[in-house]
There are 4 protein chains.
Amino acid sequence: MGSFKGHALPGSFFLIGGLWWTGKFSFCHATRRNKSLGSSRRASRASQCRLELLESSLMLLFAVVGMLAEQFAAGGPRLRLYEASENRWKDLMNWQHATMYLFFSLAGAASLLVHATDVPPLALDRLALALAFFTEGFLFLYHLHGRSMLDVHVHQMLLFAVFGQALVVFLEVFHRGNVALELLRSALCLLQGSWFWQIGYVLYPPSGTQWDLTDHNNMMFITMCFCWHLAVSMVTVGALYCAISCAVRSRLRRTPPVEMGLLKLRDGELESDDETV
Amino acid sequence: MGSFKGHALPGSFFLIGGLWWTGKFSFCHATRRNKSLGSSRRASRASQCRLELLESSLMLLFAVVGMLAEQFAAGGPRLRLYEASENRWKDLMNWQHATMYLFFSLAGAASLLVHATDVPPLALDRLALALAFFTEGFLFLYHLHGRSMLDVHVHQMLLFAVFGQALVVFLEVFHRGNVALELLRSALCLLQGSWFWQIGYVLYPPSGTQWDLTDHNNMMFITMCFCWHLAVSMVTVGALYCAISCAVRSRLRRTPPVEMGLLKLRDGELESDDETV
Amino acid sequence: MGSFKGHALPGSFFLIGGLWWTGKFSFCHATRRNKSLGSSRRASRASQCRLELLESSLMLLFAVVGMLAEQFAAGGPRLRLYEASENRWKDLMNWQHATMYLFFSLAGAASLLVHATDVPPLALDRLALALAFFTEGFLFLYHLHGRSMLDVHVHQMLLFAVFGQALVVFLEVFHRGNVALELLRSALCLLQGSWFWQIGYVLYPPSGTQWDLTDHNNMMFITMCFCWHLAVSMVTVGALYCAISCAVRSRLRRTPPVEMGLLKLRDGELESDDETV
Amino acid sequence: MGSFKGHALPGSFFLIGGLWWTGKFSFCHATRRNKSLGSSRRASRASQCRLELLESSLMLLFAVVGMLAEQFAAGGPRLRLYEASENRWKDLMNWQHATMYLFFSLAGAASLLVHATDVPPLALDRLALALAFFTEGFLFLYHLHGRSMLDVHVHQMLLFAVFGQALVVFLEVFHRGNVALELLRSALCLLQGSWFWQIGYVLYPPSGTQWDLTDHNNMMFITMCFCWHLAVSMVTVGALYCAISCAVRSRLRRTPPVEMGLLKLRDGELESDDETV
């Protein structure tokens, strides 16, 4: 990436993704908890499925666009991997970023397949997403060779967020629908997004005054700063969750419970859909 | 911190916290096991909820007081982070400790929200507490750069207790109410508290005779000493548990089972409250 | 091994194994899911058991052949371990590879015992397989001392696949029949197989032009290349799974559901067989 | 320890412990599986409880004897920790070994309390045992400073067995009675025991010819040797399990199922005892 924009762009993607997930999981959990208050459950289930399809398609789309941008934007390798004339690899950085996007596009495609058809087992969307985050962290891990101390340090902080997210999504393979894990995933995604922005500000300060990349005090400040980002993302997720929960509940209270009879009959069947692993 | 008092204070907090948790969990487990002996279950459930609210409020209060003390006590940074005149960060140590308190205050607030309202899912109090312990360990981990061997070693021992506690509380997200995990958490909290005191004694001996911070024999002794602290905290937790268990049982035996009929009907409903995740 | 063939041979074994597992697990999962469509379940269960026996026998056979080859092929130690005349160990490499085969033969034997008799508990076949993969990784881990940077790096990549597989199979001890884990295991097995080929190409290029084993760019390329192997194996497993699922479903739809009545009665009993741990 | 005997003694303890556990778990699992064949279940449950009490008492006894031996045997510190006259710690090695025994005595006492009274929760015996193994590994981990390469290496191998065992016993807190974990624990205990003997042979060879402690080939051989120990202990556990299983089954087949009626009624209640966590 090597530029402020190169860090701000993925940062914005992850920020949007984190907010989206917070909203989606809060909404789904709130409707699930308040089902006794009535509401058009049928419709809400269908709309949830449509949400999933939308999310998967957008993830696939963004990832493909990202891959194409890394390859064909100005200075990209244009699918050539080896410069035979100079006897060296061509634009390895762009290729690495394209590889990261590739895994997110695979995760999007898997999720699309899972929710559009019923051929693959439900857990595969989480598994593919976990592998996507794992691969992102894996590539960053071997990315840091020979950089200055603070540069390595800010990327190590990033790895905590990325591998943490991979672990949480992997746990979701076994505990699908556990709302604590889902909110933790949203918070870590927000953290990753805002931390990308922070990296941009530290390594390529728009103000112009460079940071001293070898000062130990800077390193201590950055460690603490990472914790603040975590705290802010936790508070954001918490506040959004409470707001959406209360909104859903008050709307459901106002809706007259017309279809209660119908609901009771189908409840078991509808619910079980969630937990098929 | 850099002083004997600076280590004794958090040590005392964790000691009190560990004893409180041992008492609370022993009491709850004992009443749950002896429910067939009768007792005013309704009341005991309500009192348990009040216990949780009290615990959360106290945690929030102490953490906020701690934050204010770190900021405004003599020599604190008073919310200024950067000393522009000298071009350096101001009192980073105090800021780091304030950050640790910040996460415990978030955990307290989350727990208060969970138990006072029923909006957030029950598991969030454990998740927030796990993140608080994780952040504490995380900040200590990058705290040790450039210190002498024994200093690093005693703080590494501390990290075992802190990260162990973070892991145990995270496991409680999935195994809520598992009494083995709860007692392990209490024991690790006691261990952390008494180890803070030990660190104070080693690094800032009140007797005046300094330890040789580079002697390998001292390091071996300290490792062993950590194990003794663990053994003492295990025995303390075990003894308290047995005492409280026997006390609860003998008191329940004396109470005539007045409300048995009422109890039987509500049992399922009351019990299920515990395990809603 | 120290030669192109020495890496291509185990690579081919693992590739075949990965394809076999993908096929087996896809087939089993597809028949389990479509049981409501009817089909001779009795027969399919018997054929599944026969598949397991076949797999175990082949694993045992290959592993024994591998052990004998390492011992008695040209240049092998022929069961002599210590060369007393020269005061040194004899052909330690061959012995190490024979040890790896030994554990796979133990896993094959355990699986044979489990599926042919009903004496050992069902979970032992996974446990023995997990230990086999763990031992493979363990021996590779202490195999790398004093090699050049890229050589170490490609073997480290291999370790990710091997230990990942050991972990996944160990998790299967507790989550037997979880299709996400089974497909992940198949993908990792394919990855391991194709990576063995890649190691052969990098360290002993058949084309003759040597790689620069100390170039940092080569290392970055190899890291990325490992991710591509993972992506290809994920896509392969996914495509095979979908193809087999659709084939099974369309075949079952064509079969008239003759034995439905019989089926309903025995369903519970048959199903429970799967999950006895 | 510093002598051949000092390694052979704990080795023998762990070997006996491993064989005992293999026998106990095989016997319990075999009787549980064959309960439909009839047999005096009441009696078998009582005898199982007596087995547990015996095991706990022996563990406590051996650990206390071990502690006393380390303290009061020739050259022991006799409970003095600090030699004020020479300004140095006294016999730190003996104190460390006594600490290891201390934790096993705590585990024995906890297990005795759990099985003799019903005050503590059932899972505490596993938790205390897991902590005992963890502490053993923890002390060995900081034991290795400044030794020669092969000496460090053989103790690192030991750590794999010790920490593996700690992990397996900790998993048993959640999966109590999982026979795969119990047999794995037995195998790792045998491995630890035989490895102690191997360490004694390598570092203090009774034959007199010293090993070259800095030779890399010796290190590779030792790594492989550890795998062989693992293989032998796996085979031993497997063979014992099968022998005991078949013996129990054939004996139960010969016993006429007198008390079937009685059995059916109490089955649920008896079984549930096992899984109360």
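The values are calculated or read from the model by the stated rules, or taken from the named source; none is laboratory data. It should be emphasised that the depicted structure is a prediction, and the values quoted were computed from it without experimental measurement. Note that each Cβ is placed from the backbone with ideal geometry, even for glycine, and that neighbours are counted across all protein chains shown.
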Here's a check for you: in region D:76-95, which residue that is basic (Lys, Arg) and in a loop (DSSP other than H, G, I, E, B) is nearest to the chain's Cα centre (by Cα)? D:78
Looking at A:253, A:249, which one is part of a helix (DSSP H, G or I), over 23 Å from residue A:10 (Cα atoms) and more than 11 Å from chain B (Cβ to nearest Cβ)? A:253
Filter pass, residue B:211 being touching a Ser or Thr at 6+ places or on another chain (Cβ under 8 Å) and of a type in the set (Phe, Trp, Tyr): no
Yes or no: region D:86-101 includes at least one residue that is within 17 Å of residue B:228 (Cβ to Cβ), more than 9 Å from chain B (Cβ to nearest Cβ) and modelled with pLDDT under 85. yes
Only one of these conditions is not met by residue D:83: (1) touching a strand residue (DSSP E or B) at 6+ places or on another chain (Cβ under 9 Å); (2) over 24 Å from residue B:238 (Cβ atoms); (3) buried (at least 17 other Cβ atoms within 10 Å of the Cβ). Which number is it? (3)
Subset of region C:102-119 (residues that are within 7 Å of chain D (Cβ to nearest Cβ) and β-branched (Val, Ile, Thr)): C:119
Take the residues in region B:219-230 that are without any contact (Cβ under 8 Å) to a residue 60 or more places away in the chain and aromatic (Phe, Trp, Tyr); name whichever of them is nearest to the other protein chains (Cβ to nearest Cβ). B:221
Can you name every residue in region B:124-162 that is buried (at least 20 other Cβ atoms within 10 Å of the Cβ), free of Cβ contacts under 8 Å to residues at least 40 places away in the same chain and more than 19 Å from residue B:11 (Cβ to Cβ)? B:124, B:128, B:131, B:134, B:138
When residues of region C:172-191 are limited to those that are within 11 Å of another protein chain (Cβ to nearest Cβ) and either touching a strand residue (DSSP E or B) at 6+ places or on another chain (Cβ under 6 Å) or not aliphatic (A, V, I, L, M) (or both), the one surrounded by the most Cβ atoms within 10 Å (Cβ to Cβ): C:182
Check on residue C:233, surrounded by 19 or more Cβ atoms within 10 Å (Cβ to Cβ), of a type in the set (Gly, Ala, Ser), in a helix (DSSP H, G or I) and within 11 Å of chain A (Cβ to nearest Cβ): yes
Has region D:192-210 got at least one residue that is hydrophobic (A, V, I, L, M, F, W, C), crowded, with 22+ Cβ neighbours inside 10 Å and within 17 Å of residue C:134 (Cα to Cα)? no
Only residues that are in contact with a Leu (Cβ under 7 Å, 6 or more places away or on another chain) and farther than 16 Å from residue B:220 by Cβ: list them for region D:85-106, please. D:103, D:105
How many residues does region D:45-99 hold that are in contact with a helix residue (DSSP H, G or I) (Cβ under 8 Å, 6 or more places away or on another chain), touching a residue at least 60 places away in the same chain (Cβ under 8 Å) and closer than 26 Å to residue B:209 by Cα? 0
Does region B:150-169 contain at least one residue that is within 20 Å of residue B:127 (Cβ to Cβ), at the interface with another protein chain (Cβ under 10 Å from one of its Cβ atoms) and over 12 Å from the mean Cα position of the chain (by Cα)? no
Looking at (1) over 15 Å from the mean Cα position of the chain (by Cα); (2) without any contact (Cβ under 8 Å) to a residue 40 or more places away in the chain, which is the only condition residue C:102 fails? (1)
For region A:204-219, which residues satisfy the criterion of being farther than 13 Å from residue A:153 by Cα and under 30 Å from the mean Cα position of the chain (by Cα)? A:204, A:205, A:206, A:207, A:211
Which members of region A:141-181 meet the condition of being at pLDDT 95 or above and among the polar types (S, T, N, Q)? A:165
